[in-house]
1. Report whether or not Val508 is buried (at least 17 other Cβ atoms within 10 Å of the Cβ) and without any contact (Cβ under 8 Å) to a residue 40 or more places away in the chain.
2. Scan (1) in contact with a strand residue (DSSP E or B) (Cβ under 6 Å, 6 or more places away or on another chain); (2) within 28 Å of Ile424 (Cα to Cα) for the single condition Asp414 breaks and write down its number.
3. Does Gly683 satisfy the condition of being modelled with pLDDT under 90 and either within 25 Å of the chain's Cα centre (by Cα) or not in a strand (DSSP E or B) (or both)?
4. Can you tell me which of (1) surrounded by 19 or more Cβ atoms within 10 Å (Cβ to Cβ); (2) in a loop (DSSP other than H, G, I, E, B); (3) at pLDDT 95 or above is the one Pro102 doesn't meet?
5. Mind telling me which of the residues Gly146, Gly178 ends up being without any contact (Cβ under 8 Å) to a residue 60 or more places away in the chain and farther than 15 Å from Ile231 by Cβ?
6. Counting only residues that are out of contact with any strand residue (DSSP E or B) (no Cβ under 6 Å at 6 or more places or on another chain) and closer than 17 Å to Ile714 by Cβ, which one in region 652-668 is modelled with the highest pLDDT?
7. Answer yes or no as to whether Asp437 is at pLDDT 95 or above and within 15 Å of Ala328 (Cβ to Cβ).
8. Only one of these conditions is not met by Phe189: (1) assigned to a helix (DSSP H, G or I); (2) surrounded by fewer than 21 Cβ atoms within 10 Å (Cβ to Cβ); (3) at pLDDT below 95. Which number is it?
Amino acid sequence: MKTRKQASNISVKKSARSTTRKPARKSAKGGAKSIIEPCSLDGIFRPRSVAVIGASSTKLTIGRQILHNLIQGEFQGKVFPVNPHADVIHSIKAYPSVLDIPDPVDLALVIVPREHVAKVVEECGKKGVKGVVVISAGFKEAGAKGREMEQKVLAIVRKYGMRMIGPNCFGIVNTEPGVNLNGTFGKTFPKRGNVAFVSQSGALGEAIMVHAQEAHLGFSMFASIGNKADISGNDLLEYWANDPGTEIILMYIENFGNPRRFIKIARELSRTKPIVVVKSGRTAQGAKAASSHTGALAGLDVGADAFFEQTGVIRVDTVEQLFDVASALSHQPIPKGPRVMIATNAGGPAILATDSLISHGLETPQLSDATKKKLRAKLPPEVNFSNPLDLIAGAGPKEFESALKILKSDRRYDAIVPIFVPPITVDPSEVSQAITDGVKGGNKTVLSCFMGVRSGSEGVNVLKENGLPVYRFPDAIAKTLERLVWYNNWLERPRGSIHIHEVNSAKVRKIIKKAESKGQREIVGAEALEIVAAYGIDVAEYHEAASVTDVVSLADKLGYPLVMKINTPRILHKTDVGGVAVDLRTADEVRSAYESMEKKVARHSSDEDFSVVLQKMIRGGVETVMGMTMDPTYGPLIMFGLGGVFVEVMKDVSFRVCPVSDVTAERMIESIKSYPLLAGFRGSKPVDKQALMSGLMRLSQIVNDFDDFSEIDINPFIASSRKGESCVVDARFLLRDKGETK
């Protein structure tokens, strides 16, 4: 049996946040030094020379397009085409092999059939090439033979100490002045900007470039990592953490190779450089059927959501939303709160905007009397002086500029949303300039909506060129603001610490060994409660009884009413077989319940000695559930929600990746929809939240100390309003199969 290494405390650190139009984010305390370990990939992203192995003079081929892009993009280093069948390509001398190039080569872009990739990479190693980008496909993604070939290439890369992106990728970009590297086969070279983008999908490469250009979004660097045989998204995060030209990081990912490393990097990096992610795979993972409530409830992509929640990574659902959020982050300050002001010339879109904002958890406070007075002095009397501020259909540049100059100073709002639907009598470009002039000098987030106007029109371009993102419909703005407000809240949240409690781990180890010696995969009943108690979680008083005489005698001593449960490890779902009896008030009821359970257990598990657990029935409090399930990607997930039968019916639960800090435990409790039942509802007293937080952190410590468990249910945990009276009533622990990967 192995134990997990204890987690160190997470220090508390308040994040710095920009309030300028184009935020330059620095680390806490205002310093520029990153706490992420530097990862040098300069040989790939800042090469002094590039060899294009597989360069071609034939148009509409990848080898031709990549060479053309390097030249057209004005790469600032040397370019060497490599092709054994050509002397000159694109008016540049070509070489039969990278070994024939007389100058040093930093980077090799490889575009040859997969059967030749290993030989080419071997030659790169002998030449002293620092980095290779393998564009060629047909490797791991193509089956067993391709996987074998990919491993051979990777072994060569490591043999020579090189780094590799790919195989099966779109290429790389670095727009940094002095580099100007376009090592892709796309037709679009992005403009310079502060956004770095990593995509696991090569097929999305060209679409990403085009969309970024339309959104006026500039890139610092771009990398399509394909099969990520060597360089992964984690490596790029470390590299970009220390890149002064990168302020925002976008990611399209399909899976995590090393999620624990991602957590470590992203949790720190998110505080200085926002990370926005589209992760595909929100549907059920097809994992084995879970035996516990916790496991069954974790069937969807909850692991990824928990993962991103704890690291401050902004998760979005689509690539379009990715660019919506990136445009706002790249050009606007992060909103300080959820309060939004709408200024428009169209009532219908204003209603749509209000509905969407409210449904996404944002607020639309009404105008203050002081602001109304200022607006009335500048605007026509027929204007509706409320939120939304309807400037009437004929409103033009003057009305928009006057209103926005006043609204940008109103402290009631954190963001402003100008919505414009152009009437035939108003020039949209003039309104765009008026909006730009109206919000100039303010510190609020401004996201504009131009409806019925083409994306490439002059009016839209005026806004984008002045750092004001433009959205076609209000719903996109609401989704974007919701994500930005979530990120701001994460930045403002204390980081918390992971507490290590004094516990009796030796007792738990003994119980586990006893179960394993009997060939049991389940620990239930009294022994499960012993594990819980050994880690300092209060447990309701319980007693075992193995005969009618003992159980009746014990009942008289405990006093009524009582709860009786079977104490049989092989039966996990006691209620399903009639193995639980509640509110027993007499000796006859106790005797009858015992005899009935004994008969039922004999039918399901005749080879075990029969016994029951008897407990005093607890009245009052709220039933909650805590648990753990082992996610195949993210490891152990801790769960919290309403307990008893509610967990099955309502499924109102929250998950976080283990280990759980004090702040995370509190967030778990407060994030369930039924939290008002715990906080005090209609005159009821709030439960002892500290007891719940302690329980979650101690459960997390059990999981962190022992990797023997695949699933855990602590259900119910009775949360009382009285200090010291919250306690666990029942629990069960499922052990891993011996053949299960740890």
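The values are calculated or read from the model by the stated rules, or taken from the named source; none is laboratory data. These numbers were taken from a predicted model, which means no experiment stands behind them. In this analysis, Cβ positions are derived from the backbone assuming ideal geometry, glycine residues included, and neighbour counts consider all displayed protein chains.
1. On the way: buried (at least 17 other Cβ atoms within 10 Å of the Cβ): yes; without any contact (Cβ under 8 Å) to a residue 40 or more places away in the chain: no.
Here the answer is no, as Val508 does not meet what is asked.
2. Here Asp414 meets the rest and fails (2).
3. On the way: modelled with pLDDT under 90: yes; either within 25 Å of the chain's Cα centre (by Cα) or not in a strand (DSSP E or B) (or both): yes.
When the stated conditions are applied, Gly683 passes them.
4. Looking at each condition in turn, Pro102 falls short on (1).
5. Numbers: Gly178 fails: without any contact (Cβ under 8 Å) to a residue 60 or more places away in the chain.
Exactly one of Gly146, Gly178 is without any contact (Cβ under 8 Å) to a residue 60 or more places away in the chain and farther than 15 Å from Ile231 by Cβ, namely Gly146.
6. Filtering region 652-668 for residues that are out of contact with any strand residue (DSSP E or B) (no Cβ under 6 Å at 6 or more places or on another chain) and closer than 17 Å to Ile714 by Cβ, the one modelled with the highest pLDDT comes out as Ala665.
7. Details: at pLDDT 95 or above: yes; within 15 Å of Ala328 (Cβ to Cβ): no.
So Asp437 fails the test.
8. Evaluating Phe189 over (1) assigned to a helix (DSSP H, G or I); (2) surrounded by fewer than 21 Cβ atoms within 10 Å (Cβ to Cβ); (3) at pLDDT below 95 leaves (1) as the failure.
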